[in-house]
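> Questions regarding the structure given below will be posed in turn.
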Amino acid sequence: MSTYAAPVTAQAIVYPDSDGQPMAENTKQFRWIVTIQGGLDALFSDDPNVFVAGDLLWYPVEGNPALRLAPDAMVVFGRPKGDRSSYRQWHEDGIAPQVVFEALSPGNMLVEILGEMLERLRFYERYGVEEFYIYEPDRGALSGWIGGGGELAAVETMSGWVSPRLGVRFALVDGELALYYPDGRTFASYVELAQQRALAEQQAEQERQRAEQECQRAERLAEKLRALGIDPEES
């Protein structure tokens with residue numbers, strides 16, 4: 001991947017690249033963060049002007065390094081791909097992430113979740129996010145807010161909801177999140193992708209073997225016909 005070079009400015013203010021917090025608190029949360037971010041990255045892999053990141057600090061206001069959040073996954077339309085140590089909005093033509101995702105840590109107290117997510121909702125609302133989605137793996141709960149222009153309204157029914165920006169469809173299948181690409185394929189974990197790839201390779205090898213066996217049978221038949229004085233091409 002190319003490395004995106006942000007404009008160089010002379011300034012004494014330090015914008016840390018890390019908030020000192022872990023990306024995830026357990027394996028389940030980590031798996032969902034990686035699956036969501038990876039699926040979004042794959043969705044826009046052919047579009048050079050869609051930037052997708054996971055657990056990257058976003059600084060919306062120059063001169064205020066304390067004002068920041070690191071969404072579990074974010075999508076920014078209108079910004080080039082490339083590596084960044086943080087997303088400093090004033091270096092990005094002032095473009096805020098339009099879509100953000102949060103995968104909550106199983107085991108968190110509900111009151112803690114509600115308090116933290118309310119703070120994040122207000123932050124995203126204030127700084128220009130258009131779509132905000134939360135998934136709670138332990139509870140099988142899915143929430144979403146949509147809007148822009150300083151106000152985000154809750155999506156009444158998330159199961160079956162299609163993101164206006166992403167074209168991704170949300171569903172809860174047996175109490176677990178399922179995300180569908182516009183073509184109907186589902187987001188998959190790295191393990192699932194590896195299994196799918198192995199199955200595809202196995203099927204391709206079986207097809208190759210069948211074709212080879214068919215070719216051998218045809219050749220044996222042709223030899224028998226020639227032994228009888230029959231031209232296989234004329235038979």
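> In region 102-122, is there at least one residue being in contact with a Gly (Cβ under 7 Å, 6 or more places away or on another chain) and in the same structural domain as GLY167 (by TED's automatic domain parsing)?
No - not one qualifying residue is present in region 102-122.
> Does region 127-139 hold any residues that are of a type in the set (Ser, Thr, Tyr) and surrounded by fewer than 20 Cβ atoms within 10 Å (Cβ to Cβ), and which are they?
Result: TYR127, single match.
> Could I ask something else about it? Just to be sure I understand the filter: pairs with C-beta atoms under 6 Å, separated by 6 or more residues or on different chains, first member in region 89-106 and more than 17 Å from GLY63 (Cβ to Cβ), second member aromatic (Phe, Trp, Tyr) and assigned to a strand (DSSP E or B). Which pairs pass?
Here the result reads GLN98/PHE77; VAL100/PHE132; PHE101/TYR133; ALA103/TYR135, each pair linking region 89-106 to a residue that is aromatic (Phe, Trp, Tyr) and assigned to a strand (DSSP E or B).
> Next up: Filter region 87-105 down to residues that are in contact with a strand residue (DSSP E or B) (Cβ under 6 Å, 6 or more places away or on another chain) and closer than 19 Å to ILE33 by Cα, then give me how many there are.
Here the count works out to 9.
> Exactly one condition in (1) surrounded by 15 or more Cβ atoms within 10 Å (Cβ to Cβ); (2) part of a strand (DSSP E or B); (3) out of contact with any Ser or Thr (no Cβ under 9 Å at 6 or more places or on another chain) is false for LEU142; which is it?
Just one mismatch for LEU142, condition (3).
> A follow-up question, please. Need pairs with beta-carbon distance below 6 Å; first residue in the same structural domain as ARG31 (by TED's automatic domain parsing) and part of a loop (DSSP other than H, G, I, E, B) and within region 63-77, second surrounded by fewer than 16 Cβ atoms within 10 Å (Cβ to Cβ) and modelled with pLDDT of 95 or more; sequence gap 6+ or separate chains.
From residues that are in the same structural domain as ARG31 (by TED's automatic domain parsing) and part of a loop (DSSP other than H, G, I, E, B), the pairs are LEU67/VAL61.
Rundown of residues vs (1) assigned to a loop (DSSP other than H, G, I, E, B); (2) buried (at least 21 other Cβ atoms within 10 Å of the Cβ); (3) modelled with pLDDT of 95 or more, yes/no style:
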site	(1), (2), (3)
PRO80	yes, no, yes
ASP93	yes, no, yes
VAL100	no, yes, yes
MET117	no, no, no
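> Pick from region 164-177 the residues that are exposed (fewer than 15 other Cβ atoms within 10 Å of the Cβ) and modelled with pLDDT under 95: which of them is farthest from GLN37 (Cα to Cα)?
Residue satisfying both the conditions and the ranking: ASP174.
The values are calculated or read from the model by the stated rules, or taken from the named source; none is laboratory data. Every value quoted in this text rests on a predicted model; they were computed, and no experiment measured them. Positions of Cβ are backbone-derived with ideal geometry, glycine not excepted, and every protein chain shown enters the neighbour counts.
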